[in-house]
Amino acid sequence: MRIEQIQHIGLVWLAWALAATGVAYAQTATEKVILSFGNFPHGANPYAPVIRDADGNFYGTTYQGGQANAGVVYKLSASGQQTVLYSFTGGADGLNPYSGVIRSSTGNLYGTTYQGGTANSGVVYRVSPSGQENVLYSFTAAPTGATPTRA
């Protein structure tokens with residue numbers, strides 16, 4: 001068989017498959033804003049993706065905003081009710097969470113911050129469902145003159 005015949009047979013099969021299954025018309029996409037971030041104390045600049053639990057609640061971070069403009073960890077119900085679980089102070093607890101969070105089976109949220117901590121190089125943190133934050137690790141700065149390398 002020549003390539004033109006194979007292409008023709010493929011198009012015939014495609015047309016038959018579409019006719020047999022019926023072609024659904026494209027639906028118009030709709031968007032519903034459930035929360036518009038303002039700033040203090042709710043947070044601003046949510047750069048990271050959110051996660052969702054089995055009850056339909058969303059969890060995420062904002063890079064800025066909160067009580068000290070250092071970012072927040074928040075919970076958002078499907079209806080749009082926001083709860084700030086933790087507001088970073090910008091000190092040893094961390095500053096500017098640029099990434100999102102992951103959630104454990106016990107409901108704890110884990111994430112990292114871009115800055116803050118004991119060396120101002122960021123932290124790994126845990127936030128409990130009640131909003132208690134614990135720093136699990138504080139990153140240390142690179143030695144003076146060191147050039148960071150990529151993995």
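A few comments on the model shown:
- Here D55 fulfils each of the conditions (1) touching a residue at least 40 places away in the same chain (Cβ under 8 Å); (2) exposed (fewer than 14 other Cβ atoms within 10 Å of the Cβ); (3) among the acidic types (D, E) apart from (1).
- Each residue in the range 70-105 was checked for being in a loop (DSSP other than H, G, I, E, B), hydrophobic (A, V, I, L, M, F, W, C) and surrounded by fewer than 16 Cβ atoms within 10 Å (Cβ to Cβ), and 2 pass.
- Just one residue in the set T83, T112 is under 18 Å from S36 (Cα atoms), free of Cβ contacts under 8 Å to residues at least 24 places away in the same chain and of a type in the set (V, I, T); that residue is T83.
- Residues within the range 74-87 that are under 17 Å from G122 (Cα atoms) and out of contact with any Asp or Glu (no Cβ under 8 Å at 6 or more places or on another chain), tallied: 1
- Residues of the range 58-68 satisfying the condition of being buried (at least 19 other Cβ atoms within 10 Å of the Cβ) and out of contact with any Lys or Arg (no Cβ under 8 Å at 6 or more places or on another chain): G60, T61, T62, Y63, Q64, G65, G66
- Complete set of residues in the range 106-131 that are surrounded by fewer than 19 Cβ atoms within 10 Å (Cβ to Cβ) and aliphatic (A, V, I, L, M): A119, V124
Rule-based calculations on the coordinates, nothing more; no lab input. Nothing here was measured: the structure is a model prediction, and the numbers come from that model. Glycine gets a Cβ as well: all are built from the backbone with ideal geometry, and neighbour counts include every protein chain shown.
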